[in-house]
Amino acid sequence: MMVIVLCGGSLAGVSHAHGTHSDLMKLVDDQLAREPRNGELWYRRAELDLEHGDWAETLRDLEKTEECAPGKFPVLWVKGQVLDAENKPEEAKGVLDTFLSGNPTHWAALASRARVETKLGLHEKAVLDYTAALANNREAEPDLVQETAACLAANGHDDEAIRVLEAGLKRLGAIPSLQIKVIEVEVNARRYDAALARVAMIEKSAPRPEPWMVQRAGILIRAERPREARATWESLLSHLQSLPDAERGSHAMSVFARQARTAIASLDSSTARSNPFASPNP
């Protein structure tokens, strides 16, 4: 959940404070003891409740927020998130519709409604809301970029999903979750050559090439190119053998080696079953 940083004077200490939930809650409660009619404090308390999963407390604090500062805070947006968390998507959508009718560019509320619409099977509406959320948030974090792309791809908008992910990578840098997601979209769209080219480019600059060699082999299997997949696994084994002893013997490298040998054995077995006269090691 996005935490809004409030800039009211009485909340300056709370908005920028760091600590456990109980520490932050105590800080708000101490200030509320001095300023019980401060709507900003009640809203901040509702945010903390929401983050902690205290739904009933969140709703109670939202009521106090509206009582003390009517119309000043996005109370309906937070209420919509609570209803969604309580598995009441239809009610959540109604509340979010009402909020967004007066705040059509509130990107976080658009994303909240998109999640609810996905649960309700309103997939094209979710696509529109995710796209609008991203358009209204030029500083979007990787999670929103990935969510938007996933929704687009799931509903047949592969080109747009890839565009969204590439724009995110350009702005945010080489975020692994976004790199993996764009490759996933391309593979699911059967754009194998594009995915392989992307993996090759990432592998060149990656601090560890091994995971991307595994990725490449997996794509080649999906593309039904077993000879190339086998060659990639063989290349991975050769690479691992060239590493210093201590590095080669690490748990991660041992897992990669075992994975490669298992994959090669499986490929050879498949070749033998499909053609009993074929050499297992061409």
Using the alpha-carbon centroid of each, what span in Å lies between the range 82-104 and the range 150-201?
30
Applying 1/(1 + (r/R0)^6) with R0 = 45 Å to the Cβ-Cβ distance of S254 and A56, what FRET efficiency is obtained, to the nearest 0.05?
0.35
In the Gaussian network model of the chain, springs joining C-alpha atoms below 10 Å, which of Q179, Q31, Q81 carries the largest mean-square fluctuation?
Q31
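May I have the count of lysine pairs in the chain with C-alpha atoms under 17 Å apart, counting pairs 8 or more residues apart or located on different chains? Could you put the intermediate results ahead of the total?
Details: K64/K72; K64/K79; K79/K88; K79/K93; K88/K119; K93/K119; K93/K125; K170/K181.
Final tally of qualifying lysine pairs is 8.
What is the gain in length, in nm to one decimal, between S242 and D23 on full extension, counting 0.36 nm per residue of separation less the C-alpha to C-alpha distance? Numbers along the way, then the final one.
On the way: separation 219, 0.36 × 219 = 78.84 nm, distance 5.16 nm.
Working it through step by step, the gained length comes to 73.7 nm.
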If I take every Cα pair under 8 Å that is 6 or more residues apart in the chain, average their sequence separation and divide by the length, what percent do I get for the relative contact order?
7
Would you be so kind as to identify which of L152, I202, A108 lies farthest towards the positive end of the dipole of the range 61-214, taking Lys and Arg as +1 and Asp and Glu as -1 on Cβ and the Cα centre as origin?
I202
Helix-derived mean residue ellipticity, 222 nm - over the chain, DSSP H n ≥ 4, -39500 (n - 2.57), to 500
-23500 deg cm²/dmol
Compute the length gained on full extension between S270 and K88: take 0.36 nm times their separation in residues and subtract their Cα-Cα distance, giving the result in nm to one decimal.
60.7 nm
DSSP loop (so not H, G, I, E, B), at most 15 other Cβ within 10 Å: list which trypsin sites (Lys or Arg not before Pro) in the range 92-195 pass both filters.
R138, R190
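We did not get these values from a lab; they are worked out from the coordinates using the rules stated. Only a predicted model underlies this, so the values are computations on that prediction, with no experimental measurement involved. Reconstructed Cβ throughout: ideal geometry from the backbone, glycine too, with neighbour counts over all protein chains shown.
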